[in-house]
Amino acid sequence: MISNNKTNLARRRNLKTSAKLISFALLLTEVEIAWGAKILGVRVWPSEDYTRITLESDTPLPISQQILTNPDRLVVDVQCLEQNSTLKDLVAKVKPNDPYISQVRVGQFQPGVVRLVFDLKEPIKPQLFTLDPAGEYNYRMVFDLYPTTPPDPLMELVKSSARKEAALAKPNEEVDLIAQFATKKDIPKPPVAQAIPETKEVPAPAKYKRLITIAIDPGHGGEDPGAIGSLGSREKHVVLSIAKRLKDKIENEAYMRPFLTRDGDYFVPLHVRVQKARRVESDLFVSIHADAFIQPHAKGASVFALSQMGASSSMARWMANKENASDLIGGINIKNQDRQVANLLLDMSTTAQIKNSLVAGNSVLKQIGGFAPLHKGKVEQASFAVLKAPDIPSILVETAFISNPQEEAKLNDDGYQDRIADAILKGIKDYFSKNPPVARRMNS
């Protein structure tokens, strides 16, 4: 009996010891989870629209913020984190030309809490949110610093094109091509699949009563690099370079004015690109990209228009799905979006818009086909979110396959970039010589 009591007592002691060890192990695990987080990278993306700061970590981290005035500061506390060298790199990444941040200070506020203090150049409206892993990224904390009074793209465009507007307003005896084309009964037919012939220089119209506004949309940007070639070329850089070349060429046209949806390396959500184009009352929207495919031998330029009836090919569907994933990679603040309004905008496509987009796309495709290989000899269609402005003909130009090593080299060549920009401009001029903006607005 005594022996059994001793045995039971020993068992109870062993159980208590095991319980304590388990509790201690659980406590260590919780501490490791809470305090073992690592900052993997810090990035800053300044622009006139907003400045974005991204902290990438191996686990999600809670954050809190407060705005202070006199002077203006944004204070952010990151919980469950210890300061490290990667986090300190944030100080050097804020440059003097940042529109909204003068400097950033990083310090260990208290054990397990890192404090970031952003000294501001003007009052801002911050948006802080977190993103789950997507693409090549792990967990991200995103700080978007918007100005309290955002820049008006239309006013900036009007200012930059004031001289051209004044020149068009002067009385002249030249032919009014808009009036001529508006009375034409023959409507251009949608493009058909056929070989693309060599094309000649398209003459500029004699005179328009108002400037034609072309929205140029360089794809991707900032957190979203787009496709990456085998040589390391990033789509976002290549297409921005081509877009700027096209912008300069349009600036030299007396009756046109260009508008860039982004003019630097920063991310613009897809629906915001559409909203920007509508805000400046664009007559044509041209989104510029560089193709990528799972097979490196795919080659040739393409032009896409919107489709309401499904994709025109499996490749077109694959491309649309890839481009529409840009918001997921670039990172948008879902909680801050009026999803109903955004979805409404992206669902408002019309038959007239698609018809005009096909005509414009065919004009551009013919010009590109005059010197470069084409992936398809006709304008393809798919449900690209960025092409869904209901009242603006919209096309997406895939300039070449960046996933093809030979075409990647061409995309980095100044001569090829210039020829692509020339071809797009010639296609635009050809389209408007037959479909002036007044006629388009009357038909839509």
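Can you tell me which residue in the stretch 46-91 is farthest from the chain's Cα centre (by Cα), limited to those that are assigned to a loop (DSSP other than H, G, I, E, B) and of a type in the set (Val, Ile, Thr)?
The initial filter retains those residues of the stretch 46-91 that are assigned to a loop (DSSP other than H, G, I, E, B), namely 46-50, 58-62, 69-72, 80-84.
From what's left, of a type in the set (Val, Ile, Thr): 59, 69.
Details: THR59: 26, THR69: 32 Å.
It comes out as THR69.
Can you find a residue in the stretch 182-190 that is open to solvent by less than 60 Å² (accessible area, probe 1.4 Å), modelled with pLDDT under 90 and either part of a loop (DSSP other than H, G, I, E, B) or in contact with a strand residue (DSSP E or B) (Cβ under 8 Å, 6 or more places away or on another chain) (or both)?
The answer is yes; a qualifying residue exists.
Taking strands (runs of 3 or more DSSP E) that do not extend beyond the stretch 235-320, which have at least 2 residues that are more than 21 Å from LEU358 (Cα to Cα)? Before the answer, list the steps.
Working: elements: 256-260, 284-291, 302-306.
Passing ranges, in order: 256-260.
Those residues that are more than 25 Å from the chain's Cα centre (by Cα) and polar (S, T, N, Q), I need them from the stretch 364-396; list them, please.
Answer for the stretch 364-396, where residues must be more than 25 Å from the chain's Cα centre (by Cα) and polar (S, T, N, Q): just GLN367.
What is the residue count in the stretch 119-138 for residues that are more than 19 Å from TYR266 (Cβ to Cβ) and part of a strand (DSSP E or B)? Step through it out loud before you land on a result.
Looking only at the stretch 119-138, we keep the residues that are more than 19 Å from TYR266 (Cβ to Cβ), and these are 119, 123, 130, 132-133, 138.
This time we only want the ones that are part of a strand (DSSP E or B), so: 119, 130.
Count: 2.
Mind listing just one residue for me: the one in the stretch 389-444 that is of a type in the set (Ser, Thr, Tyr) and open to solvent by 10 Å² or more (accessible area, probe 1.4 Å) and, of those, modelled with the lowest pLDDT?
Looking at the filtered set, the residue picked out is SER444.
Select from the stretch 120-150 the residues that are open to solvent by less than 60 Å² (accessible area, probe 1.4 Å) and closer than 19 Å to ASP263 by Cβ and list them in ascending order.
Passing the criteria: ASP144, LEU145, PRO147.
Being in a loop (DSSP other than H, G, I, E, B) and modelled with pLDDT of 95 or more is the filter here, so list the residues in the stretch 194-224 that pass it.
Within the stretch 194-224, GLY219, HIS220, GLY222, GLU223 meet the criteria.
Mind telling me which of the residues LYS93, LYS88 ends up being within 22 Å of GLU136 (Cβ to Cβ), in contact with a strand residue (DSSP E or B) (Cβ under 9 Å, 6 or more places away or on another chain) and either open to solvent by less than 60 Å² (accessible area, probe 1.4 Å) or of a type in the set (Lys, Arg) (or both)?
LYS93
Report yes if LEU116 is closer than 24 Å to VAL268 by Cβ, open to solvent by less than 40 Å² (accessible area, probe 1.4 Å), not in a loop (DSSP other than H, G, I, E, B) and not acidic (Asp, Glu), otherwise no.
Taking the combined requirement at face value, the residue does not satisfy it.
Filter the stretch 399-432 down to the residues that are within 17 Å of LEU374 (Cβ to Cβ) and without any contact (Cβ under 8 Å) to a residue 60 or more places away in the chain and list them by number.
LYS410, TYR416, ARG419, ALA423
I'd like the residue in the stretch 151-171 that is more than 15 Å from SER47 (Cβ to Cβ) and assigned to a loop (DSSP other than H, G, I, E, B) and, out of all such residues, is least open to solvent (accessible area, probe 1.4 Å).
Among them, the one singled out is SER161.
Please count how many residues of the stretch 52-85 are under 25 Å from GLY221 (Cα atoms) and either among the acidic types (Asp, Glu) or open to solvent by 80 Å² or more (accessible area, probe 1.4 Å) (or both).
The qualifying residues number 3.
Give the number of residues within the stretch 112-136 that are more than 15 Å from PRO60 (Cα to Cα) and not β-branched (Val, Ile, Thr).
The total comes to 13.
With respect to SER312, determine if the residue is touching an Asp or Glu at 6+ places or on another chain (Cβ under 6 Å) and modelled with pLDDT of 85 or more.
no
Read through the list (1) closer than 19 Å to ALA227 by Cα; (2) polar (S, T, N, Q); (3) part of a strand (DSSP E or B), then give the number of the only condition that SER403 fails.
Result: SER403 passes all but (3).
Among the residues of the stretch 347-388 satisfying the criterion of being β-branched (Val, Ile, Thr) and more than 20 Å from LYS299 (Cβ to Cβ), which is most open to solvent (accessible area, probe 1.4 Å)? I'd like the intermediate steps shown before the answer.
The initial filter retains those residues of the stretch 347-388 that are β-branched (Val, Ile, Thr), namely 350-351, 354, 359, 364, 368, 379, 386.
Now narrow it down to the ones that are more than 20 Å from LYS299 (Cβ to Cβ): 350-351, 354, 359, 386.
Working: THR350: 52, THR351: 106, ILE354: 19, VAL359: 17, VAL386: 10 Å².
Step by step, filter the stretch 347-388, then rank; the result is THR351.
Tell me, yes or no, whether the stretch 139-150 has at least one residue that is part of a strand (DSSP E or B) and of a type in the set (Val, Ile, Thr). Step through it out loud before you land on a result.
At the first step, the residues of the stretch 139-150 found to be part of a strand (DSSP E or B) are 139-147.
Filter once more, so that each one left must be of a type in the set (Val, Ile, Thr): 142.
Scanning the stretch 139-150, I find at least one residue that is part of a strand (DSSP E or B) and of a type in the set (Val, Ile, Thr), so the answer is yes.
The values are calculated or read from the model by the stated rules, or taken from the named source; none is laboratory data. Just so we're clear, the structure is a prediction, and the values are computed from it rather than from any experiment. Methodologically, a virtual Cβ is constructed for each residue, glycine included, from the backbone with ideal geometry; neighbour enumeration extends over all protein chains shown. Note: accessible area is taken over every heavy atom of the protein model, side chains too, but ligands, DNA and RNA are not part of it. Shrake-Rupley method; radii C 1.70, N 1.55, O 1.52, S 1.80 Å.
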